[in-house]
Amino acid sequence: MASGLACIDGVLLPALEARVPVTDEGLIRGDGVFEVIRLYDGRPFALEAHLARMERSAHGLRLPLDVDAVRGDIEAMLAVASDGDDLVRVLATRGGRRIGLFEPMPAARASYTLGRVTYAPVRVLDGIKSLSYAANVLTSRIARERGFDEALLTSPHDRVLECPTSSFFAVTDGVLRTAPLSDHVLDSITRRVVLDVAEVAEEPITVADLEQIDEAFIASTVVEIAGVSRIEDRELQAPGPLTSDVAARVRAHIAASLGG
Ligand SMILES: Cc1ncc(COP(=O)(O)O)c(C=O)c1O
């Protein structure tokens, strides 16, 4: 298993020996960008979409990034990937470093309970997957302190946005809905796949709407699709019928894109 390996500026070395200077503003200010790419039997899903988003994120941050060098780093890592290397995390920092890490998949959960946490997206970071993720991980911690599996981020104006590391979809009156990008949610790769394989209304979801939903799911590179079994004290069937259908379509899309 190569999980112990890292890649710094194109050089593969044991992760424990990988170093970045403490003066790197990627560390000091969270000034940088990142992507997490899922490997299926060692093959990356949606690599080009991730690289394109990383390039957009870097452009948004005014961060110089050689995206071909990042692709080269990932190829070098894939050449040594082993069983258990499920995810590749790539970072680019303001200090000019490219960092690649293998990560194992977190333990799978069949379904999620979600607790609401108020969250105001930082508008200037729209469309940017930046290293500044303290707010996202804090919302997860707050939700877990309240006994939920994960946070459901809702804006101060009661819009339902997304989860800290996944997109959120809800079904009301048979219509599958997700927040539009204009509500400052991440342009998630998996969200795009769902929009491709299913009919989805990209329209605002309000906190009041949560009382009317029939089923809900979250979507991300890491979880693919997972049903939501409770939002606050409202129990839901998980997975609901539409969730199961979308999950199967997403899996088929991933398999087809990996070549069967
Ligand atoms: C805020 C947020 N929304 C959604 C997602 C899901 O994005 P993707 O499908 O590209 O993994 C992530 C992933 O980290 C995220 O951080």
_Two-decimal Rg to Rh for the range 106-255 - Kirkwood Rh, Cα set_ = 0.92
*Could you rank T23, T113 by how accessible they are, 1.4 Å probe, largest area first?*
T23, T113
*How large, in percent, is the carbon and sulfur part of the accessible surface of the chain at a probe radius of 1.4 Å?*
52 percent
_Candidate residues R62, R191: accessible-area rank, largest first, probe 1.4 Å_ = R62, R191
*For the charge dipole of the range 1-107, defined by +1 on Lys and Arg C-beta atoms and -1 on Asp and Glu C-beta atoms about the Cα centroid, which residue among G30, P14, A81 has the Cα displaced farthest towards the positive pole?*
G30
*Specify the residue with the greatest mean-square fluctuation among L16, L87, L152, computed from a Gaussian network of the chain linking alpha-carbon atoms under 10 Å apart.*
L16
*Rounded to the nearest 20 debye, dipole of the range 5-103 from Cβ charges on Lys, Arg, Asp, Glu*: 380 debye
*Please report, in debye to the nearest 20, how large the charge dipole of the chain is about its Cα centre when each Lys and Arg carries +1 at its beta carbon and each Asp and Glu carries -1 there.*
560 debye
*Per residue, how much accessible area does the chain show when a 1.4 Å probe rolls over the protein heavy atoms, in square angstrom?*
48 Å²
*List D209, D9, ordered by accessible area with a 1.4 Å probe, largest first*: D9, D209
*asked:* Compute, for the range 159-260, the length of the dipole vector about the Cα centre, with Cβ point charges of +1 (Lys, Arg) and -1 (Asp, Glu) only. Units Debye, rounded to 20.
replied: 400 debye
*Kindly point out which whole DSSP H helices in the chain project their C-alpha atoms 15 angstrom or further along the helix axis while averaging a Kyte-Doolittle hydropathy of 0.0 or above.*
67-78, 134-145, 241-257
*Name the residue farthest towards the positive end of the dipole of the range 111-257 from the options I205, A135, I189, assuming +1 on Cβ of Lys and Arg, -1 on Cβ of Asp and Glu, about the Cα centre.*
A135
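The values are calculated or read from the model by the stated rules, or taken from the named source; none is laboratory data. The shown structure was predicted, so the numbers you read here are calculated from the model rather than taken from an experiment. All Cβ positions, glycine included, derive from the backbone under ideal geometry; neighbour counts span all protein chains shown. Ligands, DNA and RNA are excluded from the accessible area calculation, which covers all protein heavy atoms including side chains. Shrake-Rupley method; radii C 1.70, N 1.55, O 1.52, S 1.80 Å.
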